[in-house]
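J.: My structure is below; once you've seen it, I'll send some questions.
Nothing in this text is a laboratory measurement; each read-out follows from the coordinates by a stated rule. Everything numeric here is computed off the predicted structure, so don't read it as measured data. Counting neighbours? That spans all protein chains shown, and the Cβs are built from the backbone with ideal geometry, glycine included.
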Amino acid sequence: MVNVFYNPNIHPLDEYNRRYASFVKYLRTIQGEFVVPVGYNPLEYFSQIQDWENRCWWCYNLRLKKVALWGKENGFKYFSTTLTISPYQNVTQIWEAGKQIEQQVGIVFVDRDFRGGFPESQNLSKKENLYRQNYCGCILSKWEGVKRRIWKRLTGRKSF
Ligand code: SF4
């Protein structure tokens, strides 16, 4: 198995570097193999989003397709994603995108649901002292996170 890091959605560059460093640190710990198919280019993310209401759909498509294409070019039969470990992601959309890409690229998408491992992943990241993100990745998710924290501080409530 090879772990592919492709996340042009992450904003800004500092955050990208923190998450990338954490990815590399963990994989070195477990002696996992990894690749980064291209360098950081946020334009790849912005040019992919065809409507902002559904930005996550386009974002999933972009990232999964890059991994599928890389896998196909390098002789792999299957691809998947760790995105489904997060209870904040739309797993149904991720699977739908993965299955469409499977047809387009000709490599099998493994639609695993990793959400049951989320608490363990949190414990592990604390134990290994890995960086833990507090927003999904794009500039809009960062802004939404800031708004939520301000709202909570002002009202003591979690949601608007
Ligand atoms: S919220 Fe997350 S999944 Fe959705 S577009 Fe932003 S970075 Fe991508």
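J.: Length gain on complete extension for the stretch residue 40 to residue 17, per 0.36 nm per residue less the alpha carbon to alpha carbon distance?
T.: 7.4 nm
J.: If you line up the long axis of helix 13-29 against the longest principal axis of the chain, both from Cα atoms, how many degrees apart are they, to the nearest 10?
T.: Tilt of helix 13-29: around 60 degrees.
J.: What's the extension gain from residue 30 to residue 157 if we count 0.36 nm per residue and subtract their Cα-Cα distance?
T.: Working it through step by step, the gained length comes to 41.8 nm.
J.: Report the Cα centroid-to-centroid distance between segment 15-65 and segment 134-160 in angstrom, as an integer.
T.: Taking the Cα centre of segment 134-160 as reference, the centre of segment 15-65 is 22 Å away.
J.: OK, next. Sum -39500 (n - 2.57) across every DSSP H segment of at least 4 residues in the chain, then divide by the residue count to get the 222 nm mean residue ellipticity, nearest 500.
T.: When only DSSP H runs of four or more count, the value is -16000 deg cm²/dmol.
J.: Could you list 102, 44 in order of exposure, starting from the residue whose Cβ has the fewest other Cβ atoms within 10 Å?
T.: Ranking 102, 44 by Cβ neighbours within 10 Å, fewest first, gives 44, 102.
J.: Roughly how compact is the chain, stated as its Cα Rg over 2.2 N^0.38 Å to two decimals?
T.: Against the compact-globule rule of thumb, the ratio is 1.08.
J.: Taking the chain as the reference, fit the longest principal axis to its C-alpha atoms, fit the long axis of helix 55-73 to the helix C-alpha atoms, and give the angle between the two in degrees, 0 to 90, nearest 10.
T.: Roughly 30 degrees, rounded to the nearest 10.
J.: By the gyration tensor of its Cα atoms, with a ≥ b ≥ c the square roots of the eigenvalues, what is the shape of segment 116-160: rounded for a/c under 1.5, prolate for a/b over b/c, or oblate?
T.: prolate
J.: Residue 48: net charge of surrounding residues, Cβ under 15 Å, Lys/Arg +1, Asp/Glu -1, itself excluded?
T.: So the environment of residue 48 carries a net charge of +1.
J.: Student exercise: in segment 2-155, how many lysine pairs 8 or more apart or on different chains have Cα atoms under 19 Å apart?
T.: 9
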